[in-house]
Structures are given as structure tokens and as C-alpha cells.
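Below is one structure; the comments refer to it alone.
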There are 2 protein chains.
Amino acid sequence: MNNKRVGIIGAGPSGLAQLRAFEALKDKGIEIPEIVCFEKQDNWGGMWNYSWRTGVGKYGEPVHGSMYKYLWSNGPKECLEFSDYSFDEHFKKPISSYPPRPVLFDYIQGRIKKSNAREYIRFNTTVRWVSFDESTKRFKVVLDDLKSNETYEEEFDYLVTASGHFSTPNMPHFDGIEDFPGHVMHAHDFRGADQFKNQKLLLIGSSYSAEDIGVQCFKHGAESVTLSYRSNPIGVEWPEGIKELPLVTHFDGPTVHFSNGESEDFDAVVMCTGYQHKFPFLPSELRLKTKNNLYPDNIYKGIFFNDNPQLIYLGMQDQYYTFNMFDAQAWVARDYMMGTLELPSKEERRKDIDHWLAKHDAMEDALDSVDFQSAYIKDLLELSDYPDFNVDKVAVMFKEWLQDKEENILTYRDKTYKSVVTGTEAVEHHTEWMDELDDSKERYLKFNKKVEELTS
Amino acid sequence: MNNKRVGIIGAGPSGLAQLRAFEALKDKGIEIPEIVCFEKQDNWGGMWNYSWRTGVGKYGEPVHGSMYKYLWSNGPKECLEFSDYSFDEHFKKPISSYPPRPVLFDYIQGRIKKSNAREYIRFNTTVRWVSFDESTKRFKVVLDDLKSNETYEEEFDYLVTASGHFSTPNMPHFDGIEDFPGHVMHAHDFRGADQFKNQKLLLIGSSYSAEDIGVQCFKHGAESVTLSYRSNPIGVEWPEGIKELPLVTHFDGPTVHFSNGESEDFDAVVMCTGYQHKFPFLPSELRLKTKNNLYPDNIYKGIFFNDNPQLIYLGMQDQYYTFNMFDAQAWVARDYMMGTLELPSKEERRKDIDHWLAKHDAMEDALDSVDFQSAYIKDLLELSDYPDFNVDKVAVMFKEWLQDKEENILTYRDKTYKSVVTGTEAVEHHTEWMDELDDSKERYLKFNKKVEELTS
């Protein structure tokens with residue numbers, strides 16, 4: 001018996017994982033707490049719920065999504081597969097290893113649609129303010145119903161913050177950028193390559209956004225793509241038309257100067273300069289304050305806010321693992337909320353965090369990072385009954401993927417991998433990624449195999 | 001003696017007017033309440049504090065400003081002149097009637113810099129949540145110090161909401177807009193015409209933003225400018241290169257279809273579709289809920305929230321009058337907070353609001369609107385010691401201005417008007433507006449008169 005109330009902020013992959021975790025218990029006939037999930041958008045899926053809007057949404061709230069058209073998974077789907085809901089179960093046939101956004105969105109929805117979990121979600125509802133009442137040990141949450149423009153308050157015993165951390169741009173200033181005549185945007189506002197056709201595009205940054213937006217714009221007809229890095233270049237073999245330069249020193253009209261003395265004119269600038277962990281609805285004593293890394297400080301097992309573990313954070317890590325990591329976290333969080341998992345003392349938790357932070361500090365390269373997050377996932381899997389999966393094999397796939405990208409950034413998405421959940425080998429997509437300009441689910445699923453004579 | 005605390009939200013023209021109103025008393029040796037003004041941006045000036053940023057600012061808060069490069073006043077400066085701080089006092093010489101943004105920003109700052117009012121302002125500070133305590137009759141305000149990422153709470157007897165209403169875009173959806181290949185933005189994110197050079201630009205809207213952005217883009221080299229109206233066209237004589245079409249029905253790739261059956265391809269779309277009155281920090285029972293109009297309901301004298309007049313709104317009207325209207329409001333609000341102006345009962349206030357709403361409903365055209373807001377200003381001027389100015393003469397100027405625009409939308413800014421504060425005649429700007437591509441204060445103030453041989 002459990003008459004607690006659980007509030008979940010966000011119905012993206014992390015929030016939905018939390019709902020699914022409770023549903024899995026319910027399926028076994030176990031009574032679960034009262035759950036309310038608040039979602040700012042009008043549909044679930046978080047980042048995967050593409051919107052054409054930028055800036056603010058229909059009701060004037062900052063747009064959550066950084067999703068763009070023509071986004072294809074940038075890692076093998078076999079590395080993110082739910083271990084309780086396989087790609088085979090969803091699609092009924094093998095598909096390729098790097099599906100486009102609509103296909104992954106479909107997959108995410110498939111699992112959650114199996115239950116009535118949608119009924120837990122209040123859409124178009126944003127959290128305005130949270131406070132913790134020390135006397136009742138409950139959270140008071142001020143909600144804002146965006147459609148009706150009415151605010152109201154509810155209380156929860158547990159609060160799950162699953163609001164993501166790729167929504168609030170980090171946008172540095174460069175001298176002279178005010179007078180750059182072309183368009184300047186953050187990757188958060190990038191909605192697809194079309195508008196940069198035949199343009200000379202500068203991307204500032206050297207992480208996934210820069211790499212992926214750069215390659216997409218090259219593929220879709222930008223005249224040239226230049227990536228500017230602060231510390232280290234991405235360093236793969238770029239095709240003619242894409243290049244890397246060191247950091248921008250300043251702008252002078254349309255001309256951009258780089259720290260190696262080079263300068264060049266550009267038509268547009270996209271800042272791929274990352275995101276802030278931002279929780280405007282939380283008082284500072286409950287806020288997770290961290291840069292984007294694989295082990296944010298002050299959350300035990302990467303989940304429980306150490307000062308108050310009734311406050312739970314999901315998916316706040318930088319990510320190799322994604323959907324399956326959110327699941328592993330959500331199952332552990334669920335067991336704590338159900339009272340079936342006890343947490344050690346605050347001091348013990350602190351020691352555990354420090355232990356992980358020390359390992360985190362010792363990492364030297366991307367391979368180490370993969371091993372680090374794999375070890376973290378294994379640690380989580382031991383704590384709950386989330387279906388075990390072969391993490392070591394996934395780690396090997398991540399390392400091969402890193403290698404594939406280094407070998408050829410334009411063709412790595414044509415590779416295939418083998419599921420650790422079902423053992424199924426992915427099939428090749430019917431069209432090579434560089435020739436595939438249509439990312440619709442319909443076209444993606446239309447053909448089973450590569451067909452040379454395909455007409456779109 | 002007055003030991004009350006006053007909180008002011010926003011240090012734009014309205015918030016600064018409130019500070020100035022109190023300073024005017026202090027100058028007379030009268031003790032004033034403790035004042036704290038909260039400003040989200042790192043400088044004062046509100047909309048007039050231009051930022052190159054769009055979307056969110058440095059600390060991840062929605063960008064306040066909708067200001068763009070090359071914005072020149074779109075009404076005569078003589079219609080907005082502070083009656084306690086003339087343009088003559090500030091510039092020491094006559095200037096033209098339509099100055100560019102940096103010149104107006106300079107003017108706004110000039111008055112407030114005369115005192116130490118800057119010390120009242122906490123910059124980089126945003127209001128997260130407000131509640132009213134019925135027992136203490138005070139507002140509890142949760143503040144967020146954006147730089148330190150720390151929240152804290154303070155209490156106030158009066159809360160002045162001067163956060164503006166041209167910051168949160170209203171952005172309708174049109175069928176097919178998701179697949180329009182060019183850039184789609186709201187006027188809120190427009191930062192200047194440069195990026196639209198040689199482009200075919202569609203502006204959706206028929207109010208000031210559409211008119212002004214359209215004319216600016218035409219002036220700065222757009223290939224063509226098309227304005228789309230919902231109900232009525234702006235209807236002035238457009239030069240070749242600008243035209244008006246009725247409402248967009250849908251998008252089909254780069255092609256836009258209009259309700260008269262026409263269709264055309266465009267490179268970019270700017271939605272000049274207005275703004276929402278948005279107060280996310282206020283509980284719904286304290287929120288002003290209104291469309292943009294000349295007399296929002298539920299605020300007595302356009303200022304005092306009728307359900308709780310300790311909550312004060314400044315500048316929430318649609319505007320012919322601007323700076324001088326904010327002043328007139330702020331002086332009245334000040335006298336109420338000082339206890340020297342008593343408000344009638346809630347029922348009496350309601351009657352007064354209804355009286356104005358009836359007049360508002362009876363308006364038929366723009367001339368009526370000018371008269372309506374002029375009458376409103378006169379009503380305010382009777383309530384405080386804000387220096388009287390000849391409102392009737394200003395009303396005449398507004399009507400001439402409407403006529404000037406109708407006669408020639410490209411040259412109306414070359415006209416000059418006479419100050420009702422000092423009697424000074426404006427001088428012609430040294431360069432005709434259509435030929436003036438430099439909006440800097442330096443160039444604007446460099447020459448006293450029109451000089452044909454000017455070299456930039």
C-alpha cells in the first residue's frame with residue numbers, strides 16, 4: 001500500500017521512463033502511488049517531439065525542443081534499445097541501425113502506448129515554482145495551466161525532475177558579432193539545413209551539434225561549412241567542403257577572424273556552444289548546478305539529490321547511453337519511491353558520489369568515457385529489476401561507432417549493429433545515408449532492403 | 001514618514017518613470033519608501049537596451065527586447081517628450097523629430113542619470129514567483145539572482161509591474177509552415193534588415209512591426225517585401241517593391257498561398273503578429289489578462305489592479321503616447337503609494353473602468369483612438385503634480401503624423417514638429433531618412449543642419 005503522491009516534471013524519454021517503470025509494477029498487480037506528470041508541450045516525447053517553432057511556443061514559454069528536420073540517430077539504435085521493449089517488438093521486422101527522428105519517436109511512443117500512461121500527463125502545463133515544506137516533508141508545486149491561463153498548487157511526496165538539459169542555450173559573445181550582417185542563431189533554434197543552401201556557414205563548437213549540423217548542411221547543399229573549435233578539433237577526415245578552424249577571435253562585418261590568423265567571410269553563424277542545466281522553477285537550494293558531464297555532483301547514483309533525496313533527477317548526465325540509461329535510473333528511483341529500496345545515509349551517499357567523481361576525474365579519452373558510463377549503467381542495473389542487458393557488448397558497439405565516425409563521417413550511418421536485447425542484426429537502409437534526403441517514417445519503413453532502383 | 005517597501009519589476013521606460021516619480025519627491029525633501037527595482041537584463045532601458053541576442057539571454061531567460069538595428073522613432077519625438085525633462089535640456093540643441101534608437105535611449109538615460117536612481121536597481125535579477133499574504137497584506141516575491149544562480153525572498157507592500165508587453169511573441173500556425181525551407185521568425189527576433197538583402201520577404205501582419213520592418217528591409221535592399229493582412233491592409237501608397245496581400249491560407253514548400261487565390265515564392269517569413277501580455281511570475285488571480293488594446297480591463301485608471309490595488313501595472317496599454325504616458329501613470333501610482341492619493345471603493349473603481357470601456361467600444365477609427373488616449377492622459381494629469389503639457393496639441397500632432405504616413409510612408413520621418421514642452425521647432429535631419437543608413441548617435445548629432453555635401 002502506498003498513498004504517496006509523485007510529481008514528474010516532463011514527459012520526454014526520462015519522464016516517460018518513470019511512468020513506464022511504475023506501469024511495469026502495476027502490470028504485476030502491485031499498487032502504485034498517485035502519479036501526475038506535467039508537460040509544457042502539447043504532446044509527449046520531449047526533444048523528440050519536433051516543433052517548427054523557435055524562441056517561445058504558442059503560450060509564450062521558451063521552446064523546449066532543439067530538434068531539427070533531417071535528424072538521424074547519431075549513434076547505433078542498438079546502444080539505446082529499451083531492454084523491456086525491443087525494436088523487433090515495435091517494428092516487427094529488422095530495421096537499420098541509424099533511424100531518423102520520426103522512426104525513433106514512433107518507437108518511444110510504442111512502449112508507453114501499451115498502457116494508459118497518457119492519462120497521468122497534464123499537457124500544456126508548466127511548473128512555475130517549487131518549495132519544500134520541512135514540516136510536512138512534501139513539495140508544494142505551483143502549476144500553470146497554459147491553455148486556461150490559470151495557476152494552482154499541488155503537493156507531492158516525491159518530485160521527479162525530468163525536464164532535460166538540452167533546451168537552454170549557452171551562447172557566448174564574440175567581439176563584433178552585433179554587427180555581423182547575416183543570421184546568427186544557436187543550434188537550439190536550428191530547424192533544418194534548407195535555409196543554408198548555397199550559403200557559407202560557420203558553426204562554432206566541436207561537439208555533437210556542430211558535427212551533425214555541419215554534416216547535414218553539407219549534405220543538403222551548403223556552399224561550405226566551417227567548424228570552429230575552442231580546445232580540440234573534432235579531427236575526423238572531413239570531405240572537401242567542410243573544414244575545422246580554431247576559435248573565433250572576433251567579427252568584423254561579415255568577416256570572421258580566427259585565432260590562427262586566418263579570416264573568412266560567412267553568410268550565417270550557428271552557435272553549437274552547448275546548453276545550460278536550467279531549473280528556473282526550483283529554489284537554489286534544490287537546484288542541480290552542474291556543467292554538462294558524465295557525473296554531475298550532488299546526485300547520488302546520478303539520481304537522488306543528496307540534500308533531499310525526495311527530489312529525483314533523471315537524465316541529467318552527458319550521454320552515450322540514453323533511453324536505456326533513463327530507464328535504469330527510473331526503475332531505481334521507482335523502487336526508492338515505493339519504499340522497496342532504501343538509501344544509505346547522506347554521508348554514505350556523499351562517499352559514493354566522491355568515489356564516482358574520482359573515477360570521472362581519471363578519464364582520459366572518449367574510450368574511457370564509454371567505459372565510465374557503462375560502469376555507471378551496470379551499477380544501476382544491480383539496484384533494480386530493470387531487465388538486464390549486456391552492457392559490455394554495448395560498450396564495444398560505442399567504441400566501434402567512435403571508430404566508424406573517425407573513418408568516415410559521411411558513411412558511418414550506413415553501418416549495422418546487432419541488438420543485445422534480441423540478437424537481431426540490423427539491416428542496411430535501402431538508401432545510403434548521404435543520398436537519403438527524405439527522413440519520413442513512411443519512406444523509411446517502405447522497403448525492407450537496399451534497392452538500387454528505388455524511386456522516391 | 002513612510003516605512004513601506006515598494007518593488008518595481010523592470011527598469012525600462014515604465015519602471016524608470018516610477019523611480020523618477022519618487023526621485024522627484026525626494027528632490028523636494030520628502031521622505032520616500034524603500035524601493036527595489038528588479039531588472040532581468042544587465043542594463044536599464046527595457047526595449048531600448050538593444051541586444052544582439054535572440055531566444056534566451058546569457059543566463060537562459062527569454063530575451064526581453066524586440067529592438068532591432070536601424071530602428072528610428074516611428075512617431076514624432078514631440079509626442080513622447082517627458083514634460084519634466086525636455087529634449088532641449090538633454091541635447092542642448094534642437095534635433096529632428098524622428099531620432100534613431102541610440103538617440104532616444106540616450107535621452108531616456110539622461111533624466112534618470114540626474115539622480116542616483118541606478119542604486120535602486122538590481123540587475124540580472126528576475127522575479128520567479130509572487131504571492132500575496134492576506135494576513136500581512138504584503139507581497140512575497142521570490143527573486144532569482146541570475147549571475148549567482150541563487151534565489152531569495154523579499155516582501156513588499158506595493159508591487160509595480162512594469163515588465164512590458166512587447167516581449168512574448170504571439171505566433172500563429174499556418175498549414176505547411178513546418179516545411180517552408182527558408183527562415184521563419186517572429187518580429188521579436190528580428191535584429192535588422194541586413195540578412196534579408198536581395199531576398200523576397202513575407203511579413204505577416206499589418207501593425208507597426210510589419211509596417212516598420214517592411215519599410216526598413218525595402219530601404220536596406222530586400223528584393224521585395226510583401227505584407228499579409230488579416231482584416232484590413234495598412235493601405236498607404238506603397239512604393240514599387242512593397243505590396244500588401246490578404247491573409248496567408250497555407251504554405252506549400254517555398255510557395256505561400258493567399259486568401260485571394262494568389263501565390264508566390266518567398267525566401268523568408270517574419271511574423272509581425274503581435275505580442276502576449278504575459279506575467280508568468282504572477283498567480284492567475286493577480287494576472288492582468290488582456291489583449292493589446294487602449295484600455296485593458298480590470299485596472300483602475302489603467303494602473304491599479306482592481307482586485308488588489310497594491311498591485312500596480314504601468315504601460316500595459318496599446319500606445320500612441322509612450323514615455324509621457326508612463327510618467328503620468330507613475331506619478332499617480334506614486335501618490336497612491338505615498339498615501340497622498342486615496343482611491344475610491346472597489347465598486348466605484350469598477351464603474352470608472354466601465355465608463356472608459358464604454359468609450360473604448362465606441363471608437364471607430366485611428367483618429368478616435370488618438371482622442372481616446374489623449375482623454376486618458378488628461379484624466380491622469382489631473383490626479384498628480386506631473387508637469388502639465390498641452391495634450392490637445394499632442395493629439396493634433398498624432399493626427400498629422402497619421403496623415404504624413406498615409407501620404408508617404410518613406411518620407412514621413414523627414415517632417416518636423418514643435419515641442420509642447422519647450423516650444424522648440426525640430427530641425428530637419430542632415431540626411432533624408434531613406435538615404436540615411438547609419439543610425440549611430442555620433443553621426444546623428446554630428447551636424448546641426450541638413451548638409452547636402454555630407455560624407456559619412
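The values are calculated or read from the model by the stated rules, or taken from the named source; none is laboratory data. This is a predicted model, so every value here is computed, not measured. Every residue, glycine among them, receives a Cβ derived from its backbone with ideal geometry; neighbour counts consider all protein chains shown. Heavy atoms of the whole protein, side chains included, go into the accessibility calculation; ligands, DNA and RNA do not. Shrake-Rupley method; radii C 1.70, N 1.55, O 1.52, S 1.80 Å.
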Can you find a residue in the range A:131-143 that is over 21 Å from B:D144 (Cβ atoms) and at the interface with another protein chain (Cβ under 10 Å from one of its Cβ atoms)?
-> no
Pick from A:S456, A:S419, A:S384: which is modelled with pLDDT under 95 and polar (S, T, N, Q)?
-> A:S456
Which of the residues belonging to the range A:310-334 are open to solvent by 20 Å² or more (accessible area, probe 1.4 Å) and over 13 Å from the mean Cα position of the chain (by Cα)?
-> A:Q310
All but one of (1) more than 11 Å from chain A (Cβ to nearest Cβ); (2) out of contact with any helix residue (DSSP H, G or I) (no Cβ under 6 Å at 6 or more places or on another chain) hold for B:S209, so report the exception by its number.
-> (2)
Considering only helices (runs of 4 or more DSSP H) wholly within the range B:306-390, the ones with at least 3 residues that are in contact with a Gly (Cβ under 8 Å, 6 or more places away or on another chain) are B:323-338
Residue count, the range B:40-54 (criterion: surrounded by fewer than 23 Cβ atoms within 10 Å (Cβ to Cβ) and outside any loop (DSSP other than H, G, I, E, B)) = 2
Among the residues of the range B:58-65, is there at least one that is of a type in the set (G, A, S), buried (at least 22 other Cβ atoms within 10 Å of the Cβ), within 14 Å of chain A (Cβ to nearest Cβ) and under 25 Å from B:L104 (Cα atoms)?
-> yes
Residues of the range A:1-39 being over 21 Å from A:G315 (Cβ atoms) and either buried (at least 24 other Cβ atoms within 10 Å of the Cβ) or among the polar types (S, T, N, Q) (or both), which ones?
-> A:N2, A:N3
Could you list all residues from the range B:151-206 that are facing another protein chain (nearest Cβ under 10 Å), under 27 Å from the mean Cα position of the chain (by Cα) and of a type in the set (G, A, S)?
-> B:S167, B:G192, B:A193
Read through the list (1) away from chain B (no Cβ under 14 Å); (2) assigned to a loop (DSSP other than H, G, I, E, B), then give the number of the only condition that A:R111 fails.
-> (2)
Mind listing whichever residues of the range B:275-298 are surrounded by 22 or more Cβ atoms within 10 Å (Cβ to Cβ) and away from chain A (no Cβ under 11 Å)?
-> none
Would a scan of the range A:235-246 turn up a residue that is more than 14 Å from every other protein chain (Cβ to nearest Cβ), crowded, with 17+ Cβ neighbours inside 10 Å, part of a strand (DSSP E or B) and of a type in the set (D, E, K, R)?
-> yes
Report yes if some residue within the range A:83-103 is free of Cβ contacts under 8 Å to residues at least 12 places away in the same chain and assigned to a loop (DSSP other than H, G, I, E, B); otherwise report no.
-> yes
Is at least one residue of the range B:69-85 farther than 29 Å from B:V394 by Cα, open to solvent by 30 Å² or more (accessible area, probe 1.4 Å) and not aromatic (F, W, Y)?
-> no
Going by the structure shown, is A:I409 part of a loop (DSSP other than H, G, I, E, B) and not charged (D, E, K, R)?
-> yes
Residue in the range A:348-365 that is nearest to A:A395 (Cα to Cα), counting only those that are surrounded by 14 or more Cβ atoms within 10 Å (Cβ to Cβ) and either of a type in the set (A, V, I, L, M) or assigned by TED's automatic domain parsing to the domain that holds A:P233 (or both) = A:M363
Residues of the range A:256-266 that turn out to be open to solvent by less than 60 Å² (accessible area, probe 1.4 Å) and either within 14 Å of chain B (Cβ to nearest Cβ) or under 32 Å from the mean Cα position of the chain (by Cα) (or both), as a count | 3
